[in-house]
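Please read the structure below before turning to the comments.
The values are calculated or read from the model by the stated rules, or taken from the named source; none is laboratory data. What you see is a predicted model, and the numbers here were worked out from it, not measured in a lab. Positions of Cβ are generated from backbone atoms using ideal geometry, with glycine treated the same way; all protein chains shown enter the neighbour counts.
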Number of protein chains: 2
Amino acid sequence: MQRKIYRSLVGVDEVLPIIESYRPLVPLGVVELPVSEAVGRVLAENVFSPLNYPPYTRALVDGYAVRSDDLVGVYEDRPRKLRLVGKVSTGETRLVTIGRGECVEVSTGAVVPYPADAVVPVEYTHQEGGEVTFYRSVARGENVDAAGSDVAEGEVVAWKGTQLTPTLAATLAALGVRTVKVYRPVRLGIVPTGNELRQPGEPLEYGQVYDSNSTMVYAYAKLAGAEPKVYPRARDELGEVEEVLHRALDENDVVATIGGTSAGPEDLVYRALSRLDPGIILHGVREKPGRPLAVALHGEKIVFSLPGFPMSCLLTVNLYLLPVILRLQGVSPQQLPRRRAVIATPLRGEAGIRVFVPVILAERGGRQAAFPLPGHSGRVSLMVLVDGFAVIPENLEYAPEGSELEVVLNPFQRAYRVNIIGSHDPLLQSIVASIPEAGEVRVVNVGSLAGLQAVKSGVADIAGTHLLDPETGEYNVPYVKRLGIRDAVLVKGYKREQGFVYRKEVGPVSSFAEVIEGGYRFVNRNPGSGTRVLVDHLLEEEARGKGVDAAELKERLKGYSFEVKTHEAVAYLVSRGVADVGVAVRYVAERYGLGFTYLASEEYDLLVRKESLEKSAVKRIIEALRELSRRGDAGLKGYIVGPETGSIIEL
Amino acid sequence: MQRKIYRSLVGVDEVLPIIESYRPLVPLGVVELPVSEAVGRVLAENVFSPLNYPPYTRALVDGYAVRSDDLVGVYEDRPRKLRLVGKVSTGETRLVTIGRGECVEVSTGAVVPYPADAVVPVEYTHQEGGEVTFYRSVARGENVDAAGSDVAEGEVVAWKGTQLTPTLAATLAALGVRTVKVYRPVRLGIVPTGNELRQPGEPLEYGQVYDSNSTMVYAYAKLAGAEPKVYPRARDELGEVEEVLHRALDENDVVATIGGTSAGPEDLVYRALSRLDPGIILHGVREKPGRPLAVALHGEKIVFSLPGFPMSCLLTVNLYLLPVILRLQGVSPQQLPRRRAVIATPLRGEAGIRVFVPVILAERGGRQAAFPLPGHSGRVSLMVLVDGFAVIPENLEYAPEGSELEVVLNPFQRAYRVNIIGSHDPLLQSIVASIPEAGEVRVVNVGSLAGLQAVKSGVADIAGTHLLDPETGEYNVPYVKRLGIRDAVLVKGYKREQGFVYRKEVGPVSSFAEVIEGGYRFVNRNPGSGTRVLVDHLLEEEARGKGVDAAELKERLKGYSFEVKTHEAVAYLVSRGVADVGVAVRYVAERYGLGFTYLASEEYDLLVRKESLEKSAVKRIIEALRELSRRGDAGLKGYIVGPETGSIIEL
């Protein structure tokens, strides 16, 4: 038996063939299900039609069944009358016949009387008394759906290996098929490992994290039609790893352990897998991230040892685990959906390694552009944005900006046509939700400054921004100029009332002096947010007024360095008593039942890429702003719209 | 209350707004689910992070935690030693500190000791005794993931209205979120109506059909995340319709009646809906098919009255019912997925009507081409092929071949890159299943001649064909020439042994003379199939030999006009005793345990569009044929491969 393959790393495309060289990836078994419950599953045998379809010769229109040769030569100006000898409604099973010179009224779907061979639509006829006048002739077979003309009894109507769609299910039902045999779902055992793991709901000590990969693997497996089950996490102790592993092997077809594969041969999971029979068949793939993947066999059962870093785990699930699950369920070996995209920044390859770079996709100049996600693979907040992975092939050292790469798409991720990246705003959110294209729009809330940068780099179509330039007192425009953003226009938004928000029992707060002197716990906003600029501006004014140093005030303000990224978070933390006071828009104060003291109106505008002005969702958003302007009312407390709302300012 | 709208037909785009003018399409309610079970559903409230993430400052690599200023100025040729004072493994919660000149060994994910501010990867160090030598300096923060740097406690991590994906579920789990509040599924009651309907499993009288639309609506609703329930069909009797309708209204949020809407105001469903309160709000849409759609309200509940013809039902489900269900579940109003495609035949519009033409999609010359499906909308066998509907706008009288139209895609339909249309063959089927691109290939079995025509029209990339020209004794090529097919090559396939197949107790059958004289019931193949040509050819030879007229022999052959479309069907009907003898390939005789008498070898070849030779699935299929040729063995009984197998013949 080949046992030594895993001593060296294997290529990405070798993983599945190596597994197959030990164990063909063929369906595991068959279950019989009612047709409508089998949708999504794969047929385990050919389905033969138990009847001819249509099961009787029927009329395709409302009209009169005739013998076509009775109406030869009939035209509008040369009509002919036939004797009406009866009527057949849909669902009637009585057998009716007609003779020469006769006709029978039929509804759509009714039995065509023998030996009528055509139906004249009612609009070409006139019925009076016991006679019908016909104003046109009719061809043999016209408007008649002959018994068995669509499907013959005994015909194969669905082939083994076909995945059942809603329309195929309907076809089978039409033919009277009640149940079908399909391949059974794969049972997947998920075994998280690592001393640091806790389950959501358990308390967390410093040094521990909640297990998130199990949830991800579970969700993907479920969407792929498998039956996943998460086992309690195994601590880093060989006996415990083996105990859970063998329980999972007993109860499942495939097991995915998570974590603990990067530490090499002394690794516990690795040791546990080595003791299986035949054991480890590959360990290490020439890819990044996801290199530490190991695969082992135990009899017919397959164990995937997935890396624990979320991004690596996500990638290996998509590249290897899901394809194996699908094939064991009889789904044809389909490659992951891919598309080509132009990369927005240069990317570096690694010799002999296939590098997968997580990207956000956006439409630019009619083409797909891929924007690499910033930050390291441990960041959970970015994972939701991964539209796919740009692939840098093994032989490519460097891919310059603008080159086209293949992107492996993240399955079950929604595709978006418009990205709005910037500062969170409830009114913008409700405008987006109201347009017909809402489903094509992704809103990512990262703050004003990051939004402007996203427009500059091209990943964002729109940035919502409310940045005050303290020098000029002007909003937004100075920042756009300072960042050197071209190819964008400013769409004027609205004013938002900002002020102190505080729990009502803390009492009205109207200045930072009061906050500092009252010893209140403040919650600040992140640098780069418009609100943070306002806070710093107010503190500096306060300092100037008092003749002290602003830095000193900031030092004395409790919680100045305790930062959150949204208005919502400020209000939430204040309402929960984690902090006493913060600065936020009036809207959230209302929502959380907090006190509000007006400080300033800030201008919330949209920076829009020029080319994005052509997208219909963007047009609708601007139109919605203009509609608010016409009405003169934003419909939400704390917002002020004006005549400028919705106007476009060239920069 | 606006009640009269339905007196005139409404436009396609008015249907949802009219419903919304009576009843906003907002979520129906909220349920709390474990995160991993909520995937696919929409969040009913913002989710705030209950903790900072990462929840502790951790190492991003295996290495040594240091104070970065202890290693200032260190290079490979100017190393520095620090005292090793401990080791922290991942998952340890013990708090360790370090002093000046000290370092601590840490694993990836371990707590970084206080106040270390960087981690040097193990590959730049050398440990010996109680000391570690460092060969490079390190920047403050390098390889350290600071507590709270990704997500701050109290931050909104998932916004109300977001659909939960696997990656978002994982993010929430990482933050310790166990359950989320999501919008509840819509309960959909499905009420089939019509005297002609029977449920699969019930016996069928002449004039009755099995209900298939309920299965289709059920399957789509299920895939959209709703909770559908099919009610027993209501016969055409007002009391019965009303009884089932009201039961369905009591138990569901939305009801879909099917059938019985085309007959105008005297229609029973219409009458039942008119008696609801406020009753019918629209009846009739300026579209085709699907015109008879009606929508009624009963309090807050919505009733869709869907047309009963399968294609019309499919279209109205996708255009109206699914969007309403999704919006009631909080999914942003997303338009049906659409794409533009070039139409392969001219299409005619209708003044003032939006016409939807069911199409198959295929890639041609790097663009999407749409091929209208033949036949009328009552054909159930075509429904599975509907990739979407080409849209002819109200103002377009005529769309010439080659013009670009919008295609509304059939949701949950798989996208294919290669269409193989033609004669069914088990060896071809198994070759397709074996290639990595199998999932991109759709195989439609319609017979040789229809396959050739599909290549000619462009919808097929490949046609499997075995047509004998009786004049020349040559296979396939004469037919291709006669049809005037250009831009295609013939890829030589293999020979298949054909012969009489019969139940063993019927005894060996070796000529049509025996079949006729024995009074056996024959099962024939469809005109256009290669086997039918062989059957007719043999009957004519037999007639010549006997000096009688071939027509007479055909008359005397029992079941000459009883036709099925596949080898499988012939063998199945013979094995089930519906017929006694047929002509088919040896493979199916083996499969069904039937007797086989060799008649002739026929040549099964592939006609391939020249441009399709560039597609990787097509390349692989040809390569697989060549591999069989090299091996000299097809691996399936009844097949003969030769040196010509896999060779390309220009025509």
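When A:E102 is tested against (1) under 31 Å from the mean Cα position of the chain (by Cα); (2) more than 8 Å from every other protein chain (Cβ to nearest Cβ), exactly one condition is not met: (1).
Residue-by-condition table, conditions (1) part of a loop (DSSP other than H, G, I, E, B); (2) under 28 Å from A:K565 (Cα atoms); (3) assigned by TED's automatic domain parsing to the domain that holds B:G299; (4) in contact with a strand residue (DSSP E or B) (Cβ under 8 Å, 6 or more places away or on another chain):
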residue	(1), (2), (3), (4)
B:V15	no, no, yes, yes
B:I18	no, no, yes, yes
B:S21	no, no, yes, no
B:V39	yes, yes, no, no
B:E45	yes, yes, no, yes
B:A65	no, no, no, yes
B:D69	no, no, no, no
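Screening region A:431-460 for residues that are over 19 Å from A:E602 (Cα atoms) and small (G, A, S) and picking the one that is modelled with the highest pLDDT gives A:A460. None of A:G484, A:G464, A:G402, A:G439 is over 30 Å from B:L25 (Cα atoms) and in the same structural domain as A:R591 (by TED's automatic domain parsing) except A:G484.
Report yes if some residue within region A:380-398 is in a loop (DSSP other than H, G, I, E, B), touching a residue at least 12 places away in the same chain (Cβ under 8 Å), within 12 Å of another protein chain (Cβ to nearest Cβ) and of a type in the set (A, V, I, L, M); otherwise report no. Yes, some residue in region A:380-398 is in a loop (DSSP other than H, G, I, E, B), touching a residue at least 12 places away in the same chain (Cβ under 8 Å), within 12 Å of another protein chain (Cβ to nearest Cβ) and of a type in the set (A, V, I, L, M). Being modelled with pLDDT of 95 or more and more than 14 Å from chain B (Cβ to nearest Cβ) is a property that A:V119 lacks. The residues in region B:173-207 that are within 8 Å of chain A (Cβ to nearest Cβ) and hydrophobic (A, V, I, L, M, F, W, C) can be counted, and the count is 6. Since A:I281 meets every condition but one in (1) of a type outside the set (S, T, Y); (2) within 14 Å of another protein chain (Cβ to nearest Cβ); (3) more than 25 Å from B:T90 (Cβ to Cβ), which condition does it not meet? Here A:I281 meets the rest and fails (2).
In this structure, does A:L249 turn out to be hydrophobic (A, V, I, L, M, F, W, C), outside any strand (DSSP E or B) and free of Cβ contacts under 8 Å to residues at least 60 places away in the same chain? Taking the combined requirement at face value, the residue does not satisfy it. Could you go through region A:519-542 and let me know if any residue there is of a type in the set (S, T, N, Q), exposed (fewer than 14 other Cβ atoms within 10 Å of the Cβ) and either within 14 Å of chain B (Cβ to nearest Cβ) or in a loop (DSSP other than H, G, I, E, B) (or both). No. Across region B:115-138, which residue is nearest to the chain's Cα centre (by Cα) among those that are closer than 26 Å to A:V209 by Cα and outside any strand (DSSP E or B)? Filtering first and then ranking leaves B:V122.
Each row is one residue, and each column tells you yes or no for (1) surrounded by fewer than 19 Cβ atoms within 10 Å (Cβ to Cβ); (2) of a type in the set (F, W, Y); (3) assigned by TED's automatic domain parsing to the domain that holds A:G366.
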{"residue": "A:D580", "(1), (2), (3)": "no, no, no"}
{"residue": "A:F596", "(1), (2), (3)": "no, yes, no"}
{"residue": "A:E602", "(1), (2), (3)": "no, no, no"}
{"residue": "A:V608", "(1), (2), (3)": "no, no, no"}
{"residue": "A:A617", "(1), (2), (3)": "no, no, no"}
{"residue": "A:E623", "(1), (2), (3)": "yes, no, no"}
{"residue": "A:L628", "(1), (2), (3)": "no, no, no"}
{"residue": "A:D633", "(1), (2), (3)": "yes, no, no"}
{"residue": "A:V641", "(1), (2), (3)": "no, no, no"}
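Of all residues in region B:420-442, those satisfying the criterion of being touching a helix residue (DSSP H, G or I) at 6+ places or on another chain (Cβ under 7 Å), facing chain A (nearest Cβ under 9 Å) and within 22 Å of B:A569 (Cβ to Cβ) are B:H424, B:V432. Annotation: of all residues in region B:399-431 being polar (S, T, N, Q), touching a residue at least 60 places away in the same chain (Cβ under 8 Å) and part of a loop (DSSP other than H, G, I, E, B), the one that is farthest from A:P411 (Cα to Cα) is B:S423.
When B:G366, B:G330 are screened for being farther than 26 Å from B:A488 by Cβ and over 21 Å from the mean Cα position of the chain (by Cα), only B:G330 passes. Checking each residue in region A:118-132 for being without any contact (Cβ under 8 Å) to a residue 60 or more places away in the chain and surrounded by 20 or more Cβ atoms within 10 Å (Cβ to Cβ) picks out A:A118, A:V120. When you look at B:L557, is it out of contact with any helix residue (DSSP H, G or I) (no Cβ under 6 Å at 6 or more places or on another chain) and either surrounded by 14 or more Cβ atoms within 10 Å (Cβ to Cβ) or assigned by TED's automatic domain parsing to the domain that holds B:V446 (or both), yes or no? So B:L557 does not fit the description; no. Considering every residue within region A:41-50, establish whether at least one is more than 35 Å from the chain's Cα centre (by Cα) and within 27 Å of B:P411 (Cβ to Cβ). Yes, there is a match, as at least one residue in region A:41-50 is more than 35 Å from the chain's Cα centre (by Cα) and within 27 Å of B:P411 (Cβ to Cβ). Output the residues belonging to region A:477-534 that are of a type in the set (D, E) and touching a helix residue (DSSP H, G or I) at 6+ places or on another chain (Cβ under 8 Å). Across region A:477-534, the qualifying residues are A:D487, A:E497. Of all residues assigned to region A:156-163, at least one qualifies as being under 30 Å from B:R576 (Cα atoms) and among the small types (G, A, S). Of the residues in region A:483-499, none is closer than 29 Å to A:Y572 by Cβ and free of Cβ contacts under 8 Å to residues at least 12 places away in the same chain. For region B:594-624, the candidate set comprises residues that are aliphatic (A, V, I, L, M) and under 15 Å from B:A634 (Cα atoms); within that set, the residue that is nearest to the chain's Cα centre (by Cα) is B:I621.
So that you can scan it fast, the table gives a plain yes or no per residue for (1) within 19 Å of A:G499 (Cα to Cα); (2) outside any helix (DSSP H, G or I); (3) basic (K, R); (4) at pLDDT 90 or above:
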| site | (1), (2), (3), (4) |
| --- | --- |
| A:A569 | yes, no, no, no |
| A:V583 | yes, yes, no, yes |
| A:V588 | yes, no, no, no |
| A:G593 | yes, yes, no, yes |
| A:E602 | yes, yes, no, no |
| A:E611 | no, no, no, yes |
| A:R620 | no, no, yes, yes |
| A:S629 | no, no, no, yes |
| A:G635 | no, yes, no, no |
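B:K229 fulfils the conditions (1) within 14 Å of chain A (Cβ to nearest Cβ); (2) part of a strand (DSSP E or B); (3) of a type outside the set (A, V, I, L, M, F, W, C); (4) more than 34 Å from the chain's Cα centre (by Cα) except for a single criterion, (4).
Step by step: first the residues of region B:399-419, then only those that are of a type in the set (G, A, S) and more than 14 Å from every other protein chain (Cβ to nearest Cβ), then the one that is nearest to B:R609 (Cα to Cα). Which residue is that? Before the answer, list the steps.
First, pick out the residues of region B:399-419 that are of a type in the set (G, A, S): B:399, B:402-403, B:415.
Add one more test, that the residue is more than 14 Å from every other protein chain (Cβ to nearest Cβ), and what stays is B:399, B:402-403.
Values: B:A399: 25, B:G402: 18, B:S403: 21 Å.
Ranking the candidates gives B:G402 first.
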